[in-house]
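A quick write-up on the structure given underneath.
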Amino acid sequence: MYVPGVPDVVLPVLDEAEALPWVLRRMPAGYRPIVVDNGSSDGSAAVAERLGAQVVAEPRRGFGAACHAGLAAATDAVVCFMDCDGSLDPSELPRVVEPVTAGRADLALGERRPQRGAWPLHARLANRFLALELRRRTGLELHDLGPMRAANRTALLELGIVDRRSGWPLEMVLRAARAGWRVVDVPVAYRARAGRSKVTGTVRGTVTAARDMAALLR
């Protein structure tokens, strides 16, 4: 049961100083950003602090490591996650949170609707295949393994997610399905990111993420 409070938003960050001001300034009123600096060399942590965000340092590299550190630092009943590269608009977070706070879902994922040029073909194809496999294996009606998501904080911790690399988002959904969670997706806009992508914007990054996720599916 959701207890009204101040929703926490975990923002894993690795060299996102360029995008941080836009992201943090569009955070909805009452949503508390937790920026997890995963070893940035561009001053991302200082930018986040200057703009009023809580900053958590996670020296262990890996998307999952950063997400887990943010989850551990969160205090509200509901916690959100989203990329901090400007590809997702924080103003859409309330739409993703609403199914959880209304009691209709245990986990809500933002289903990305890309603008022109926002999603490289290789990444889009990899995501489509992954969503198909998820539907086949879990029965969940999901069309995207979106990085914008919301769930109950305590329940997430109890899932016991162990991956600390690119497989973290997939493991969350797999464990949620196994636990009988109600999982829904909510359409959100997907924009061209700011700066250079470290994962889905590069073939090498996509291959690394696919390898981590394939290991979980096995």
In the stretch 55-109, which residues are buried (at least 17 other Cβ atoms within 10 Å of the Cβ), outside any helix (DSSP H, G or I) and of a type outside the set (A, V, I, L, M, F, W, C)? 58, 62, 76, 83, 85, 86, 87, 89, 106
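Could you check how many residues of the stretch 127-154 are closer than 20 Å to residue 85 by Cα and either not in a loop (DSSP other than H, G, I, E, B) or not acidic (Asp, Glu) (or both)?
Summing the residues that are closer than 20 Å to residue 85 by Cα and either not in a loop (DSSP other than H, G, I, E, B) or not acidic (Asp, Glu) (or both) in the stretch 127-154 gives 7.
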It is to be established whether one or more residues within the stretch 119-126 are buried (at least 20 other Cβ atoms within 10 Å of the Cβ) and in contact with a Pro (Cβ under 7 Å, 6 or more places away or on another chain). no
Checking residue 7 against (1) more than 17 Å from residue 156 (Cβ to Cβ); (2) of a type outside the set (Phe, Trp, Tyr); (3) in contact with a Gly (Cβ under 9 Å, 6 or more places away or on another chain): exactly one of these is not met. Which one? (1)
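Could you please give the count of residues in the stretch 110-126 that are outside any helix (DSSP H, G or I) and touching a residue at least 40 places away in the same chain (Cβ under 8 Å)?
Adding up the residues that qualify gives 10.
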Counting only residues that are surrounded by fewer than 22 Cβ atoms within 10 Å (Cβ to Cβ), closer than 19 Å to residue 93 by Cβ and touching an Asp or Glu at 6+ places or on another chain (Cβ under 7 Å), how many does the stretch 32-54 have? 1
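Scan 64, 52, 103 and give me the residue that is under 11 Å from the mean Cα position of the chain (by Cα) and at pLDDT 95 or above.
64
If you take the residues in the stretch 1-19 that are among the aliphatic types (A, V, I, L, M) and either under 15 Å from the mean Cα position of the chain (by Cα) or loosely packed, with under 14 Cβ neighbours inside 10 Å (or both), which one is nearest to residue 73 (Cα to Cα)?
Within the stretch 1-19, the match that is nearest to residue 73 (Cα to Cα) is 10.
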How many of the residues making up the stretch 162-190 are surrounded by fewer than 21 Cβ atoms within 10 Å (Cβ to Cβ) and closer than 15 Å to residue 70 by Cβ? 1
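If you check residue 112 against the conditions, is it surrounded by 20 or more Cβ atoms within 10 Å (Cβ to Cβ) and of a type in the set (Lys, Arg)?
yes
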Among (1) closer than 28 Å to residue 91 by Cα; (2) among the β-branched types (Val, Ile, Thr); (3) at pLDDT 95 or above - the single one residue 199 does not satisfy: (3)
Restricting to the stretch 127-143, and then to whatever is crowded, with 17+ Cβ neighbours inside 10 Å and more than 25 Å from residue 192 (Cβ to Cβ), can you tell me which residue is modelled with the lowest pLDDT? 134
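The values are calculated or read from the model by the stated rules, or taken from the named source; none is laboratory data. All values reported here derive from a predicted model rather than from experimental measurement. Reconstructed Cβ throughout: ideal geometry from the backbone, glycine too, with neighbour counts over all protein chains shown.
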